[in-house]
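Written below as structure tokens is the structure these notes are about.
The values are calculated or read from the model by the stated rules, or taken from the named source; none is laboratory data. For clarity, every value in this text was computed on a predicted model and none was experimentally measured. Using ideal geometry, Cβ is built from the backbone for each residue, glycine included, and neighbour counts are taken over all protein chains shown. The area values use the complete protein model at the heavy-atom level, side chains included, leaving out ligands, DNA and RNA. Shrake-Rupley method; radii C 1.70, N 1.55, O 1.52, S 1.80 Å.
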Amino acid sequence: MSVFPAKPVQLLALRKHSLVVPHWLTHLGALGLFSVAVFDSSVIPLPLPGSTDLLLLWLVAHRGDPWLMVPCAVAGSILGGYTTWQIGRKGGEAALRRYVPARLLRRVVSWVEHHPILSVFLPAVLPPPIPLSPFVLSSGALGVSRGRFLLVFGAARTLRYSFVAWLGVTYGPHIVRIWSGALQKWSAPLLWVFAGLLVVGLCLGIRKLRSQRKSGTVAKRASNPKTALGD
């Protein structure tokens, strides 16, 4: 009786899969997906960006029911996102300083102040390395309403996870390897594109603020005849 494995190629493939998705999570199915989605949208960082996407993709590609898996992923993500929003709402500026990196804080706050809808929708619908928690925290701290947040966040997550499930159904297990490779390949370009959007939004916000101050100064002078006449 040989002590060597009879099918080393299959074992190697299994090990490669286990590097992408922990083996025990795949056996938990919908419950494991829900749990990962909760943490993935919370302030608790997971070691692998896009963990919910990868697990959902793996489950659907291996004959998981997409009509069950997608709602579980969306529900878990909404619960995690709402918890993060609540932390921002109750903690305010202190929560932002604690959980948001200092290098991102000013830009994130400016984006949320001037684009409250897009600042929730875009990070929730776009893949990693687009940061999510800083925007969710800021939306809570800066007064984005509960109803608006849940509606926009839920719609974005539904679109994202529906697309991921469609990939799993259409292309099967091969898409898992393609997706994990794409995360590494396109992470830097996606981050630069998002940084560019932040800069554009910041510039538009500054321009709008200056125009508002200018119009306010003009209105103040017009309302004061002595000032307008150069008294």
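If you roll a 1.4 Å probe over the stretch 69-181 with all protein chains in place, what percent of the accessible area is carbon or sulfur? If you can, show how the numbers build up before the last one.
Working: 3400 of 5270 Å².
Of the solvent-accessible surface of the stretch 69-181, carbon and sulfur hold 64 percent.
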message = Can you compute the modelled spin-label distance between Thr170 and Leu46, with each label point 7 Å from Cα toward Cβ, in nm?
response = 2.3
request  = Under 9 Å from the Cβ of Pro127, count the other residues' Cβ atoms, weight Lys and Arg +1, Asp and Glu -1, and hand me the total.
outcome  = 0
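So, for the stretch 22-159, what is the accessible surface per residue at a probe of 1.4 Å, expressed in square angstrom? Don't jump to the answer; show the numbers that get you there.
Details: 6560 Å² over 138 residues.
Averaged over the residues of the stretch 22-159, the accessible area is 48 Å².
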remark   = Env charge @ Ala75, Cβ radius under 13 Å, K,R +1 / D,E -1, value 0
key: Separation of the Ala94 and Ser162 label points, Cα + 7 Å toward Cβ, nm   = 4.1
key: Protection proxy ranking of 134-145, 113-124 - average other beta-carbon atoms within 10 Å, highest first   = 134-145, 113-124
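Only Lys, Arg, Asp and Glu count, each charged at its Cβ (+1, +1, -1, -1), so figure out the dipole size of the stretch 71-136 about its Cα centre, rounded to 20 debye. All intermediate terms of the calculation are to be shown ahead of the outcome.
Details: 7 positive and 2 negative charges, 48 e Å.
Here the size comes out at about 240 debye.
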